[in-house]
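Below is one structure, written out as structure tokens; comments come after it.
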Amino acid sequence: MWVCFLPLHEDVMDVVAEAVYADYPGLPMIPVLSAYGTDCAHFDPDTDTLGDFKKGMRGMTREKQKKLVLINPVNNSRTGFSINHSSRFPPLSLGVIAALTPPDWDVEVIDENFDEFSFRTADLVGITAFTSSANRAYEIATIYREKNIPVVMGGIHASMCSEEALAFVDTVVIGEVESVWEEVLADALSGQLKPVYQGLWNGLKQLRNPRRDIYSKEYLFASVQTSRGCPMDCDFCSVSTFNGLRYRRRPASDVLDELETISQKLIFFVDDNIIGYGKRSRETALELFKGMVDRGIDKHWFCQASINVADDEELLEWAGKAGCRMIFLGIEAEDIDALSDINKKLNIKRGGSDIYEQVFERIHNAGIAVLGAFIFGMDQDTPDTLRDRAQYILDSGVDVMQTTALTPLPGTRLFARLKEEGRLLFTDFPKDWDRYDLTEVVYRPKQMKAEEFSQVMRECMAKIYAKPALKAKARQTLKCTGRWDATEFAYQSNKNYQSIAMAETTFA
């Protein structure tokens with residue numbers, strides 16, 4: 001497809017071209033042409049308005065472009081963490097793929113977070129999934145394959161279970177997509193898709209920003225990534241397998257430029273640890289926070305970090321000034337033995353609960369709330385230790401309380417160990433992946449029966465998320481941070497977790 005214009009004054013033509021290219025970037029343009037071919041759209045200044053021209057362009061591009069349908073499936077049989085609209089995450093990977101796709105492809109997204117799947121014709125389908133939604137992904141993929149439309153699957157689950165996925169899709173992209181997507185599209189056009197494409201762990205300088213226009217307007221916040229990789233290598237986490245043990249950062253200037261393009265007020269930095277590891281990472285994080293202040297980027301945001309975030313009070317101060325209202329910390333447990341069960345090295349090294357309150361206090365001093373994530377069901381856990389953990393959470397300086405069952409996800413050492421020990425309760429895969437959503441007991445605990453574990457968890461959830469407990473946490477947040485907006489942020493987050501904890505399928 002190329003575009004030409006009948007002769008116009010040079011300045012007018014520049015203005016028209018700018019308006020057209022805003023919708024159709026990258027199309028070659030010829031200013032004057034005496035004879036028009038069938039693949040040429042033209043603009044006649046005597047008869048056509050700009051609206052007329054764009055309407056014609058839309059019709060031609062629909063006719064000529066290849067169609068890529070990208071799908072974000074959702075587990076329909078259980079609610080889990082997708083129960084709340086306000087805690088649903090934009091599918092960042094699909095936005096990146098859309099941005100990597102040339103303009104001669106028409107890209108459409110079906111996002112089941114807000115829109116139930118219905119068939120759209122396509123030349124190529126791309127689908128992603130977490131483990132709990134893998135079965136739904138396969139169900140949708142089968143619909144397209146029955147119509148001889150090729151399906152490519154990527155994301156964390158397909159990367160960990162590529163052989164399983166290939167029973168339902170034509171192609172699997174393992175790992176990060178940026179290094180292979182151009183090849184995937186070229187092979188799709190030639191009808192020579194390979195079964196597997198292995199993504200590389202490249203540097204993140206000038207990483208392509210996701211196309212945010214494809215996301216539902218119902219998302220309350222935008223997701224932004226500043227780094228990839230994690231050296232912590234916890235037993236229950238597959239991030240290190242997917243993104244590598246080496247921590248890679250984007251330049252702060254690239255992230256700042258991206259933030260200036262985002263209209264939403266609320267931002268979630270999806271990194272596992274926004275401050276990273278070592279002096280260089282610390283300097284880049286500080287550059288980012290100071291840059292947000294200097295550029296006047298007025299956002300409220302939350303992020304994830306390790307407990308070493310509290311080591312640097314200057315960093316915390318600038319994070320607060322830049323709009324940080326909440327930091328997610330993987331506390332996991334107050335007990336050293338429980339932390340040892342899951343190889344939570346940093347928390348063990350720092351002394352567990354002996355250091356936690358100091359960490360919380362330093363974060364609060366910067367006007368930032370603390371989201372403490374806790375895991376129940378380590379091998380050392382008994383019904384009494386579960387109840388003790390619930391009470392610790394209520395008594396601690398944590399403002400927001402996330403509570404999940406230890407869940408062995410594919411690609412983790414935890415999954416491999418429990419499978420080898422014959423302790424997985426549900427192994428009819430892929431069907432049983434629906435259960436692996438962090439809110440059901442899917443393995444046989446060491447110190448109690450699974451049914452007892454579930455019963456105690458329901459008891460603990462009722463206590464943790466009782467209305468008086470949430471109001472007490474809100475009073476604590478306001479007193480410790482001195483910020484009403486951080487308090488509101490924390491209280492609404494607790495209400496979201498309350499909805500998850502009280503859902504019928506949670507620990508059912």
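The values are calculated or read from the model by the stated rules, or taken from the named source; none is laboratory data. Everything numeric here is computed off the predicted structure, so don't read it as measured data. Glycine also receives a Cβ, built like all others from the backbone with ideal geometry; neighbour counts cover every protein chain displayed. What goes into the accessible areas is simple: the full protein's heavy atoms, side chains included, and nothing from ligands, DNA or RNA. Shrake-Rupley method; radii C 1.70, N 1.55, O 1.52, S 1.80 Å.
Any chance the range 156-164 includes a residue that's assigned to a loop (DSSP other than H, G, I, E, B), open to solvent by 10 Å² or more (accessible area, probe 1.4 Å) and in contact (Cβ under 8 Å) with a residue 60 or more places away in the chain?
Yes, the range 156-164 has at least one match.
Conditions tested, residue by residue: (1) within 21 Å of Met160 (Cβ to Cβ); (2) crowded, with 22+ Cβ neighbours inside 10 Å; (3) basic (Lys, Arg); (4) out of contact with any Lys or Arg (no Cβ under 6 Å at 6 or more places or on another chain).
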residue	(1), (2), (3), (4)
Tyr356	no, yes, no, yes
Asp379	no, no, no, no
Thr382	no, no, no, yes
Gln402	no, yes, no, yes
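Test each condition in (1) assigned to a loop (DSSP other than H, G, I, E, B); (2) under 24 Å from Ser159 (Cβ atoms) for Ile275 and report the one that comes out false.
With respect to (1) assigned to a loop (DSSP other than H, G, I, E, B); (2) under 24 Å from Ser159 (Cβ atoms), Ile275 is out only on (2).
Any idea which of (1) out of contact with any Ser or Thr (no Cβ under 9 Å at 6 or more places or on another chain); (2) under 24 Å from Ser238 (Cα atoms); (3) part of a loop (DSSP other than H, G, I, E, B) is the one Val177 doesn't satisfy?
Every listed condition holds for Val177 apart from (1).
Does any residue of the range 307-322 turn out to be more than 21 Å from Tyr465 (Cα to Cα), open to solvent by 10 Å² or more (accessible area, probe 1.4 Å) and among the polar types (S, T, N, Q)?
Yes, that holds for at least one residue.
In the range 109-126, what count of residues is obtained for those that are touching a residue at least 40 places away in the same chain (Cβ under 8 Å), of a type in the set (Phe, Trp, Tyr) and open to solvent by 60 Å² or more (accessible area, probe 1.4 Å)?
Taking the range 109-126 first, the residues touching a residue at least 40 places away in the same chain (Cβ under 8 Å) are 109-115, 117, 120-126.
This time we only want the ones that are of a type in the set (Phe, Trp, Tyr), so: 114, 117.
Okay, now just the ones that are also open to solvent by 60 Å² or more (accessible area, probe 1.4 Å), so none.
Residues flagged as touching a residue at least 40 places away in the same chain (Cβ under 8 Å), of a type in the set (Phe, Trp, Tyr) and open to solvent by 60 Å² or more (accessible area, probe 1.4 Å) within the range 109-126 amount to 0.
Which of the residues that make up the range 165-202 are within 20 Å of the chain's Cα centre (by Cα) and open to solvent by 60 Å² or more (accessible area, probe 1.4 Å)?
Matches in the range 165-202: Leu200, Trp201, Asn202.
In the range 56-96, which residues are at pLDDT 80 or above and of a type in the set (A, V, I, L, M, F, W, C)?
Leu68, Val69, Leu70, Ile71, Val74, Phe89, Leu92, Leu94, Val96, listed by residue number.
Phe507 fails exactly one of the following numbered conditions: (1) in contact (Cβ under 8 Å) with a residue 24 or more places away in the chain; (2) in a helix (DSSP H, G or I); (3) crowded, with 16+ Cβ neighbours inside 10 Å. What is the number of that condition?
(2)
I'd like to verify a number: residues in the range 415-440 that are part of a loop (DSSP other than H, G, I, E, B) and within 29 Å of Ala141 (Cβ to Cβ), how many?
The number of residues fulfilling the criteria is 11.
Before we move on, is Ser238 open to solvent by 10 Å² or more (accessible area, probe 1.4 Å), touching an Asp or Glu at 6+ places or on another chain (Cβ under 6 Å) and among the polar types (S, T, N, Q)?
Numbers: open to solvent by 10 Å² or more (accessible area, probe 1.4 Å): yes; touching an Asp or Glu at 6+ places or on another chain (Cβ under 6 Å): no; among the polar types (S, T, N, Q): yes.
Taking the combined requirement at face value, the residue does not satisfy it.
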